[in-house]
1. If ALA101 passes every condition in (1) of a type in the set (A, V, I, L, M); (2) modelled with pLDDT of 95 or more; (3) surrounded by 14 or more Cβ atoms within 10 Å (Cβ to Cβ) but one, which one does it miss?
2. Do you know which residues across segment 92-115 are part of a loop (DSSP other than H, G, I, E, B) and either of a type in the set (Ser, Thr, Tyr) or free of Cβ contacts under 8 Å to residues at least 40 places away in the same chain (or both)?
3. Go through segment 118-154 residue by residue and tally those that are in contact (Cβ under 8 Å) with a residue 60 or more places away in the chain, aromatic (Phe, Trp, Tyr) and open to solvent by less than 10 Å² (accessible area, probe 1.4 Å).
4. Exactly one of these conditions fails for GLU249: (1) modelled with pLDDT of 90 or more; (2) buried (at least 18 other Cβ atoms within 10 Å of the Cβ). Give me its number.
5. Open to solvent by less than 60 Å² (accessible area, probe 1.4 Å) and at negative phi: is that true of LEU301 in this structure?
6. If we scan segment 180-190, do we find a residue that is modelled with pLDDT of 90 or more and open to solvent by 50 Å² or more (accessible area, probe 1.4 Å)?
7. Check every one of the strands (runs of 3 or more DSSP E) wholly within segment 1-91 and list those with 1 or more residues that are surrounded by 18 or more Cβ atoms within 10 Å (Cβ to Cβ) and free of Cβ contacts under 8 Å to residues at least 60 places away in the same chain.
8. If you check SER173 against the conditions, is it in contact with a Lys or Arg (Cβ under 9 Å, 6 or more places away or on another chain) and either part of a strand (DSSP E or B) or more than 22 Å from ALA285 (Cα to Cα) (or both)?
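The values are calculated or read from the model by the stated rules, or taken from the named source; none is laboratory data. What you are looking at is a predicted structure, and each value in this text was computed from that prediction instead of being measured. Virtual Cβ from ideal backbone geometry, glycine too; neighbours counted across all protein chains shown. Side chains included, ligands, DNA and RNA excluded: accessible areas come from the protein's heavy atoms. Shrake-Rupley method; radii C 1.70, N 1.55, O 1.52, S 1.80 Å.
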Amino acid sequence: MDNNLVLSPLQISILVYQHLLITSVTLPIEMLRAGEAYAKGHINSGTFRPLTINLIAEDNEPIKNRSGLAILPDHTYSTAPYSDLIIVPGIWRNPRPVVRANSGLVQWLASSWQTGSSIIGVGTGNCLVAEAKLLNGHPATTHWHYAEQFKRDYPQVLLKPDFFITQSERLYSVASLNALADVIVHIISQYYGQAAAQHVERNFSHEIRKPYEDQRYLEGAVDRHPDELIAQIQFWLKNNLTTEQSLTEVAQLFSLSYRSFTRRFRIATNQSPIEYWQQLRVQTAKELLASSNLSIQEVALEVGYNDQGHLTRVFKKVLSQTPSEYRKVVRRKLFG
């Protein structure tokens, strides 16, 4: 075997357009390049494939964005090369004008899918994927603020707003930058192996994340539960941890009696709403303790507890350690 053999590059394309969220362009590029650099030094040269990353736009004009940095496309959709992976970045504010202005990119997405490309839609960037009709009959997610609009615009898509990641074969849909980072780590593991993925995760993750496989909605797998109304309530609870409303009032927001709410919630999740509510708060507190310099009192307030003592009592009950003890342990794992 010729050790000097160079395999063809992995072709990565990232769509670029007005009003894009620039972090959803720069973050995957930096992570993919880090995985490539690690793999180049650690895997057999005969199996290593370098990356070619191109920015694909509707036309050749520089693209301004909210950061003040101009983005220069490498190709238009008419000259774009075959892509192994296409990333569709998130969009600031209402995605509808961006979708209307990029009909060529939408058609290119559809044709690229037919020729074998994998596609990751980020937040409201999933509207471009949905406009290409690639998500019809398949699960997807989006930024929570535009979930209802997404449902109206793309009624044939099986929107899963309570999931931050969905996957349908080669179609990935993510609702946030953190979820995008998790999927990119997963992609790196496919391209360059688990060691490269773990290297990138250690260098880019500011918290201990759940594995990608544990948090996605995978089409064809058994759904966590079929009760769409309870799924909507779960999503609301995740995004309103500091609400002063009681669970009885939350049930009323969704036109349910508290008795009906608790019954349906337990059937759907095998947990009571109170147990689930506490679990959400503890998980968020763990993430803040690991990734921020907030005081214990500030963390308690961020997750809806009145004071540090309340958070400490819950932590001792659930984790058998105090928040301070947990922070010491997790920081040692992250930075030791």
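1. Of everything listed in (1) of a type in the set (A, V, I, L, M); (2) modelled with pLDDT of 95 or more; (3) surrounded by 14 or more Cβ atoms within 10 Å (Cβ to Cβ), ALA101 misses just condition (3).
2. Of the residues in segment 92-115, the ones part of a loop (DSSP other than H, G, I, E, B) are 92-95, 102, 115.
Passing the criteria: only THR115.
3. 0
4. (2)
5. Details: open to solvent by less than 60 Å² (accessible area, probe 1.4 Å): no; at negative phi: yes.
No.
6. Checking segment 180-190: at least one residue is modelled with pLDDT of 90 or more and open to solvent by 50 Å² or more (accessible area, probe 1.4 Å).
7. Values: elements: 10-15, 51-57, 85-88.
Strands (runs of 3 or more DSSP E) meeting the threshold: 51-57.
8. Numbers: in contact with a Lys or Arg (Cβ under 9 Å, 6 or more places away or on another chain): yes; either part of a strand (DSSP E or B) or more than 22 Å from ALA285 (Cα to Cα) (or both): yes.
Considered against the rule, which asks whether it is in contact with a Lys or Arg (Cβ under 9 Å, 6 or more places away or on another chain) and either part of a strand (DSSP E or B) or more than 22 Å from ALA285 (Cα to Cα) (or both), SER173 comes out as yes.
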